[in-house]
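Everything on this sheet refers to the single structure shown next.
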Amino acid sequence: MKYPVFKDLIIFENEDYIVVNKPPFLATLEDRTPNTTNLLKIARQYNPDLQACHRLDKDTSGCLVFAKNPEAYRHLSMQFEHRQVYKVYHAVVWGTFNFEDQLVSKAILPNAKGVAKLTPQGKPAETYFTTLENYSRHTLVECMPVTGRLHQIRVHLASLKAPIVGDTLYGGENLYLSSLKQKFNLKNDTEEQPLIKRFALHSHTIGFKLLNDEPVKIEAPYPKDFAVLVKQLRAQ
């Protein structure tokens, strides 16, 4: 994998914070995969003082905040703890739905293998869902998590029978162009690849207060794979 240049990922920077548009397939922090890098390592080549204020799943793209100093890190950590950070994700799901601020309030418990399940024994978790666009067999959904549990958006959508495209862990099948285009011809001896090679989840917007209490809201444009997926679905 060719690793990105950190400077090219930056979508907001001031004296205390950097917000990047995290590419998919890159872990935020070290994970169990040997001989791989992570976003924090790349970030510290740009500025050795940077600390990740939160994390995104390896396959999730979008807004990720780094703090440049301990005071900034504490300031944002407190906002996360008190659920004052504004977070909006976009997901492409299987099925057509008309969600209007639909609340899923179901407790989540991760197991030893890092798979989340819904159980009353878990920790409380809340997410609001709103439909942004409908396609013939899919929906673009705005997801607003109130809490920050492991795989929260993914399992909450699965509980609504709306699993995310490509999220095979939680019941979301891969999507192939051949299922959208009737005249689709695959070259001989080639295997068709999914339209998106990960689950279709993107951290679109993050909002928080700077050290001077001024609010900021930052949006991350869709990465290429997510943009292509949405474009193909709109073209149906």
Checklist outcome for this item: Checked the range 196-227 for anything within 19 Å of K58 (Cβ to Cβ) and touching a Phe, Trp or Tyr at 6+ places or on another chain (Cβ under 9 Å); matches are I196, K197, R198, F199, A200, L201, H202, S203, H204, I206
Next on the checklist: If V65 satisfies all but one of (1) over 24 Å from L211 (Cβ atoms); (2) under 21 Å from the mean Cα position of the chain (by Cα), what's the number of the condition it fails?
Outcome noted: (1)
Checklist entry - For the range 131-152, does any single residue satisfy the condition of being surrounded by 15 or more Cβ atoms within 10 Å (Cβ to Cβ), out of contact with any helix residue (DSSP H, G or I) (no Cβ under 8 Å at 6 or more places or on another chain), among the hydroxyl-bearing types (S, T, Y) and farther than 15 Å from F226 by Cα? => result yes
Checklist outcome for this item: If we take the range 79-198, then strands (runs of 3 or more DSSP E) inside it with 3 or more residues that are free of Cβ contacts under 8 Å to residues at least 40 places away in the same chain are 126-134
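Being open to solvent by 40 Å² or more (accessible area, probe 1.4 Å) and over 16 Å from the mean Cα position of the chain (by Cα) is true for just one of K187, K224. Which residue is that? Please lay out each step first, then the result.
Working: K224 fails: over 16 Å from the mean Cα position of the chain (by Cα).
Result of the check over K187, K224: K187.
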Checklist entry - Does Q193 satisfy the criteria of being among the polar types (S, T, N, Q) and open to solvent by 70 Å² or more (accessible area, probe 1.4 Å)? => result yes
Checklist entry - Could you list, in sequence order, the residues of the range 47-56 that are more than 27 Å from P145 (Cβ to Cβ) and touching a strand residue (DSSP E or B) at 6+ places or on another chain (Cβ under 8 Å)? => result N47
Checklist entry - Among the residues of the range 12-46, how many are among the hydroxyl-bearing types (S, T, Y), open to solvent by less than 60 Å² (accessible area, probe 1.4 Å) and touching a strand residue (DSSP E or B) at 6+ places or on another chain (Cβ under 9 Å)? => result 2
Next on the checklist: Among the residues of the range 52-74, what is the count of those that are touching a residue at least 40 places away in the same chain (Cβ under 8 Å), open to solvent by less than 30 Å² (accessible area, probe 1.4 Å) and under 24 Å from F25 (Cα atoms)?
Outcome noted: 9
Next on the checklist: If L177 meets every condition in (1) among the aliphatic types (A, V, I, L, M); (2) modelled with pLDDT under 95; (3) open to solvent by 70 Å² or more (accessible area, probe 1.4 Å) apart from one, which number is that one?
Outcome noted: (3)
Checklist entry - Any idea which of (1) buried (at least 17 other Cβ atoms within 10 Å of the Cβ); (2) among the β-branched types (V, I, T); (3) over 20 Å from R55 (Cα atoms) is the one I164 doesn't satisfy? => result (3)
Checklist entry - So is G207 in contact (Cβ under 8 Å) with a residue 12 or more places away in the chain, open to solvent by 40 Å² or more (accessible area, probe 1.4 Å), closer than 27 Å to L26 by Cα and among the small types (G, A, S) or not? => result no
Item to check | Residue within the range 68-77 that is under 16 Å from F6 (Cβ atoms) and of a type outside the set (F, W, Y) present | outcome: yes
Checklist outcome for this item: Those residues of the range 210-221 which are of a type in the set (A, V, I, L, M) and either open to solvent by less than 30 Å² (accessible area, probe 1.4 Å) or out of contact with any helix residue (DSSP H, G or I) (no Cβ under 9 Å at 6 or more places or on another chain) (or both) amount to L210, V216, I218, A220
Next on the checklist: For the list (1) assigned to a helix (DSSP H, G or I); (2) free of Cβ contacts under 8 Å to residues at least 40 places away in the same chain, I need the number of the one condition that F226 fails.
Outcome noted: (2)
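The values are calculated or read from the model by the stated rules, or taken from the named source; none is laboratory data. Computed from a predicted structure; not experimentally measured. No Cβ is skipped: glycine too gets one built from the backbone with ideal geometry, and neighbour counts run over all protein chains shown. We work out accessible area using only protein heavy atoms, side chains counted, and drop any ligands, DNA or RNA first. Shrake-Rupley method; radii C 1.70, N 1.55, O 1.52, S 1.80 Å.
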